[in-house]
Every structure is written in C-alpha cells, then in structure tokens.
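Down below is the structure, laid out as structure tokens.
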Amino acid sequence: FDKVAAPPVMVDSIARVMAWKFAMHFRDPNATTLLTSQGGGTSRYAAGTQVTTGVVSGHREVGKTSCPGTNLYTQLATIRALTASYLGTTMFSPRASSTTAVYGTGGAITTTARVNTDQQWRLEVREVCRDTVVRTLIGTATPTVPVSAFWDLRDESGAEVRPGAYTVSLVGADVSASTYTWTTTVIVSAARTTPPPVGAAAAPGRTSFVPVDPIKVYDTRDGANLPLGAWQRVDLVVAGAGRLPEAGIGAVALNISASCATASTAVTAWPAGDRRPGSAALNVPAGAAASALAVTALGGNGEVSLLNRAGTTELAVHVVGYYPLEGGEVFRPTSPLRLYDSRQDPAGPLVAGAERRVTMPTLSGVPASSMTGALLNVTAQAPRGAGALTVQSVSSFRDSATVSFSPARSVKNRAVAKLENGVFKITAREATTHVVVDLAGWWAPAGVVAGRLFQPRAAARVLDTRSGVGVRAGRVGAGEVVTVKVAGHGKPVPAGARAVVMTLTARDATRSTYVTAWPSGKARPEFPDISVPALRATANLVVIRIGTRNRVKVTNGAGATHLVGDVVGYYP
C-alpha cells in the first residue's frame, strides 16, 4: 500500500480478526514483545540479536522490506486502537508463578494478569483426579491494579492439598457479567521418601494356593496414605493382613490398581529386602487408570515392596490369593477356554452396577463344585466410559478394580476368582462395557485332582526384543512368531517344568494390536493374552505350558511391537 490508500473497511476487518485472535491468547494489542533474530539475508538484524517491537507491528520493523506499505503502516496506531475496542472484557498475559510444587515444602503459587476494564475475578482450583473444586479465591482488578491471586496450596479447610494434578482457572467478569476464563495445570509432586531397609527373606520352596476375595492392604485413595511420587517405594505388610496367615506364606497374588497418574509410569512389585527388578507389573498411562495381577514372593517381615517410577499416582493393592508352604490347592493349567461373552448374551453389556454370574464347567472329570479358584483373562470390550470390573466370589462385595478401562479402548487383565460351588461374579462400576472371560487354569484340593505346586522366584528376563534377549533384536511384525527358550540350561526354569508364569509386556507398538503366547509344538490359541494400544506399554501376567524343547511361542497381531518377558515363577 505504497501507492494506494488502505480502505477503512479493510483496516476495520484487520482489527476485528486481530481482536478475535488476541482474545484467544490473552494478548494486549498495545503491548510490546521481545523477538530474537534468526539472521539471514531478509533480516535487519544479525542472528541472536534481541529486538523489542509492538505486538501489532509491520514486517519492515525487523525485515528488509517495505511491507505492509507506507499507507497501511501509518494505520497501525488506528488498528491497535480498534483491536483494543473490539476485545471486550478480557485480561492480558495471565501466568502462574509456577506450574509445579512439592508437597510438604510450604510452597505457594501466585497467578497474575492485567485487565482492560474494571473487573471482578475468581480463581478456582480443581483437583483433576476427583474433579472437585478444592479452593476458590475472589478479588477485583482495574487497568492500574492487576490480578494477583495467591494460592498457598491449601484447600478451603486449610489442609494442604494432596499430591496430584490441579487445574487453576482464572475467571474474570465486568459489570455486564461478560466473562472469560484462562486455565493452566499445576502438578503437586509427592516428596521422595525412602522407608527404612528391610531384611531379605529366604527363597520359598514349592507352594500351593488359596484364592481369597480381595483383601485391601494399601490404598492411597481413601486419604489414609498419600499418592506415590516418582521413584518412591512403599513396603506393605501382607502376612497377617485381613484373613491371611501371619506365617507360612511363600508368595502372594496381588491385584494392583493405579489411577490419576500425573505422568505415564510403571509400578514394580517385588519381595521386600530383595534387589528391585527391572521389570514392571503394571504400566499406567498419564491421567488414566490401569490394573494388573502380580505374583511375588514375600520378603522380610512378610512384606512386599512397590515402586512408582514417574510422576505421582494413586495406588490400591488387594491380595486375591496366597501361596502357603503347606496345605492349599494345586493348579491345573488349561488351554484358553471361553467361559463368558456378554456380546453373545441376550442381556447385553454390563451397565454400571450390574453383575453377571459365571459357572465353571466340569474339567478333567472334576465338577465345578470341587474347584476352589479360577485363573482368568478378563476383557472389558468396547467400554462406553471410564470404569472398572470387579471379579470376586458371589457372596463378596469388595471394590477392587480387577480391570480398569477407558472409553472405547478394550483392555485385558489376568484375574483370580474365588469360587463358591463353582461360581464367581463380575460387577461393572461407573460405566457400561461388554465383558469377555477366558479360563487359563483352575485350582482344586490335591485329593480331588492331580495338579501342580507353584515355585516362585525373583523376576528373570527371558525375552526382550529391544536388546536381543532370547530372540533377535527388533520389533516383532504383524503375524510374526518368535520362539523363546524359558527352561533348561542357563534359564530361570529347570528343564522338565510343566508351565511358566511370566509378566509379558508389549512396548512401543506402531498401531493397536494384540499379543498371544502358547506352548511350542502346539496350535496357536484363538484368544490373545494382551490387548495393546498404539505407543503404550501394556503388560499382563501369563501362565504358559512349556512346549517342545523347553520353549514357548509369542506372536503379534498387527503393526510392529517390542516384546518383553520376565519369569516370576513356574510349575514343576
């Protein structure tokens, strides 16, 4: 616009578009900004030079150009004034003094902003995990007295807020009740603490099994314990908890549930006093909930250690069975057998609060009424919201999350069900979902059936496609089968063992897929062990009969994924 005038209607349109964009980003059209030159032939300044210029400015101020032309450049003051008039009630440059804090350190966060009219403001702090407002602050501001909201990391009662994620929203309004909202997220981290050391326990021998309805041994959600921070360990006394014996237990089966993770993380479980393994029992996406079955020997003082690797997460731990050194039941592994599929049930999916009862079939000549427990693979199929499934005996009413699920994403978890007359139940919580249940094995008294005792052991890695442990290095492609030696010389399981218990993990999948494991020399089963979302680590406990030449096979269904396998025990 060097030779013609800038039409007023165009100048007005530019101001209206700017006002729309500036309102979205809380920018002041009359403010300045600091730019850093990248250099180059079109720049007026050498690389690295910092230049202060108007938020509304012309290219000619920093570049070797006459743009936007003299006749439009001289209209910049008019454009700034028009933009400011079209903004309406708003604020400029809102910011929090910090978006992180550490619990218990007496910190505080101040939110500031400039305003363009006399206004009332409200600062609302909401705990993301429980979707609950924990603190509200109010005040007034003018163009000469900006917003300054001081949050001392306490709730309305004066108590310090728990570690976790919080949204901090600043809401402004003028006398006409015209409002706007700016929001940021603040992460309050748990202070890293280290519990006193625990002495190691002697490695247990062969054990039987006793299934139990979920016994809670730890829960941060009820307020009695704080969420676990990054690399924070907690030691749980399991022996003697609830109805468990105080002595004579070699190992336990734990259902571990994590929720409200502020970062994607993993949870490891191992015998207290032992060296922490590199494997994880549970992988947790940020902001989501996840559950996993873990089997671990007991450490010193009858304790189990758990560690959270990143961020801050809520954690609940329930014992669903224990492995006594004497007494108990023996195990019979089976090829995957479908017990229930709500997609084939006229009753349809389970709505929140609904339950379905599942009856075991007669197996190996043993009636269901003689069985005491079942090892299951439970799938929440096509959930319609976020929620959980609970597996337990028909007379139990515990709130353990056997399978935690998110909307529209199918997820599997291994589960132990205590049987009453050969029957167990599944209850849906918080959302509707289809449910699929596959049997992997069952327990019964030794006098009823010839079964197997369990030998727990420290986690030992037998498969890792990232580094070439057990197989060649590299992702496993769609339909590709890898053969893994798990028993015999140099392996954590002796030759001749009948079945291996392993945490099988899929990592860095290029697309959503599924993973299946089975004995070498046998036909691949119809039902997979893990449902794997793209780019997320997902683990499940698997019990696999050991096939020919002491090997098992694992396959990936789609895309490409890394596979990791850690042996935690076996059935001789």
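Table: residues versus (1) within 29 Å of LEU244 (Cα to Cα); (2) among the acidic types (Asp, Glu); (3) modelled with pLDDT under 95.
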| site | (1), (2), (3) |
| --- | --- |
| VAL319 | yes, no, no |
| PRO324 | yes, no, no |
| PRO336 | no, no, yes |
| GLY373 | yes, no, no |
| ASN377 | yes, no, no |
| GLY385 | no, no, yes |
| SER393 | yes, no, no |
| SER396 | yes, no, yes |
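Taking first residues from segment 419-435 that are surrounded by fewer than 23 Cβ atoms within 10 Å (Cβ to Cβ) and partners that are outside any loop (DSSP other than H, G, I, E, B) and of a type in the set (Lys, Arg), the Cβ contacts under 8 Å between residues at least 6 apart in sequence or on separate chains come to VAL423/ARG357; LYS425/ARG356; LYS425/ARG357; HIS434/ARG343. Whether any residue in segment 75-88 is free of Cβ contacts under 8 Å to residues at least 60 places away in the same chain, surrounded by 13 or more Cβ atoms within 10 Å (Cβ to Cβ), farther than 30 Å from GLY311 by Cβ and under 43 Å from the mean Cα position of the chain (by Cα) is what I want to check. No: segment 75-88 contains no residue that is free of Cβ contacts under 8 Å to residues at least 60 places away in the same chain, surrounded by 13 or more Cβ atoms within 10 Å (Cβ to Cβ), farther than 30 Å from GLY311 by Cβ and under 43 Å from the mean Cα position of the chain (by Cα).
Taken as a whole, the structure leaves ALA478 outside the set of residues that are aliphatic (A, V, I, L, M), within 19 Å of ILE544 (Cα to Cα) and at pLDDT 95 or above.
The condition of being under 18 Å from GLY565 (Cα atoms) and outside the structural domain of LEU389 (by TED's automatic domain parsing) holds for only one of ALA294, ALA263, that being ALA294. Note on segment 19-74: residues that are of a type in the set (Val, Ile, Thr), farther than 30 Å from PRO143 by Cβ and free of Cβ contacts under 8 Å to residues at least 60 places away in the same chain amount to 3. Check whether at least one residue in segment 315-336 is assigned to a strand (DSSP E or B), surrounded by fewer than 18 Cβ atoms within 10 Å (Cβ to Cβ) and within 29 Å of the chain's Cα centre (by Cα), and report yes or no. Yes, some residue in segment 315-336 is assigned to a strand (DSSP E or B), surrounded by fewer than 18 Cβ atoms within 10 Å (Cβ to Cβ) and within 29 Å of the chain's Cα centre (by Cα).
Among the residues of segment 6-49, those identified as surrounded by 12 or more Cβ atoms within 10 Å (Cβ to Cβ), of a type in the set (A, V, I, L, M, F, W, C) and assigned to a loop (DSSP other than H, G, I, E, B) are ALA6, PHE26, ALA31. Of all residues in segment 53-61, at least one satisfies being in contact with a strand residue (DSSP E or B) (Cβ under 6 Å, 6 or more places away or on another chain) and part of a helix (DSSP H, G or I).
Of all residues in segment 71-110, those satisfying the criterion of being over 30 Å from VAL4 (Cβ atoms), part of a loop (DSSP other than H, G, I, E, B) and not hydrophobic (A, V, I, L, M, F, W, C) are GLY88, THR89, THR90, SER97, SER98, THR99, TYR103, GLY104, THR105, GLY106, GLY107.
Among the criteria (1) at pLDDT 95 or above; (2) under 15 Å from VAL378 (Cβ atoms); (3) of a type in the set (Ser, Thr, Tyr); (4) not in a strand (DSSP E or B), the one SER400 does not fulfil is (1).
So for segment 491-500 (the condition being assigned by TED's automatic domain parsing to the domain that holds ARG524, among the basic types (Lys, Arg), within 25 Å of GLY557 (Cα to Cα) and in contact with a strand residue (DSSP E or B) (Cβ under 7 Å, 6 or more places away or on another chain)), does at least one residue qualify? Checked against the condition, which is being assigned by TED's automatic domain parsing to the domain that holds ARG524, among the basic types (Lys, Arg), within 25 Å of GLY557 (Cα to Cα) and in contact with a strand residue (DSSP E or B) (Cβ under 7 Å, 6 or more places away or on another chain), segment 491-500 yields no hits at all. A count restricted to segment 206-232 and to residues that are in a strand (DSSP E or B) and surrounded by fewer than 17 Cβ atoms within 10 Å (Cβ to Cβ) stands at 1. The residues listed here are THR105, THR111; of these, the one that is within 30 Å of ALA159 (Cα to Cα), of a type in the set (S, T, N, Q) and either assigned by TED's automatic domain parsing to the domain that holds ALA263 or at pLDDT 95 or above (or both) is THR111. All of THR194, THR185, THR144 fail the test of being part of a strand (DSSP E or B) and surrounded by fewer than 16 Cβ atoms within 10 Å (Cβ to Cβ), apart from THR185. Against the list (1) of a type in the set (D, E, K, R); (2) assigned to a strand (DSSP E or B); (3) without any contact (Cβ under 8 Å) to a residue 60 or more places away in the chain, the condition ARG472 fails is (2). What about SER169, is it out of contact with any Pro (no Cβ under 8 Å at 6 or more places or on another chain), part of a loop (DSSP other than H, G, I, E, B) and either of a type outside the set (A, V, I, L, M) or modelled with pLDDT of 95 or more (or both)? It is false that SER169 is out of contact with any Pro (no Cβ under 8 Å at 6 or more places or on another chain), part of a loop (DSSP other than H, G, I, E, B) and either of a type outside the set (A, V, I, L, M) or modelled with pLDDT of 95 or more (or both).
Does segment 495-512 contain any residue that is among the charged types (D, E, K, R), in contact (Cβ under 8 Å) with a residue 60 or more places away in the chain and not in a strand (DSSP E or B)? Yes, segment 495-512 contains a residue that is among the charged types (D, E, K, R), in contact (Cβ under 8 Å) with a residue 60 or more places away in the chain and not in a strand (DSSP E or B). Filtering segment 147-172 to residues that are among the basic types (Lys, Arg) and surrounded by fewer than 21 Cβ atoms within 10 Å (Cβ to Cβ) leaves only ARG154. Just one of the listed residues (ALA292, ALA269, ALA288) is part of a loop (DSSP other than H, G, I, E, B) and closer than 22 Å to SER400 by Cβ, namely ALA288. Among the residues of segment 515-572, write down those that are outside any strand (DSSP E or B), free of Cβ contacts under 8 Å to residues at least 40 places away in the same chain and closer than 28 Å to ALA286 by Cα. Selection gives ALA534, LEU535.
The values are calculated or read from the model by the stated rules, or taken from the named source; none is laboratory data. What you are looking at is a predicted structure, and each value in this text was computed from that prediction instead of being measured. Neighbour counts run over all protein chains shown; Cβ positions are idealised from the backbone, glycine included.
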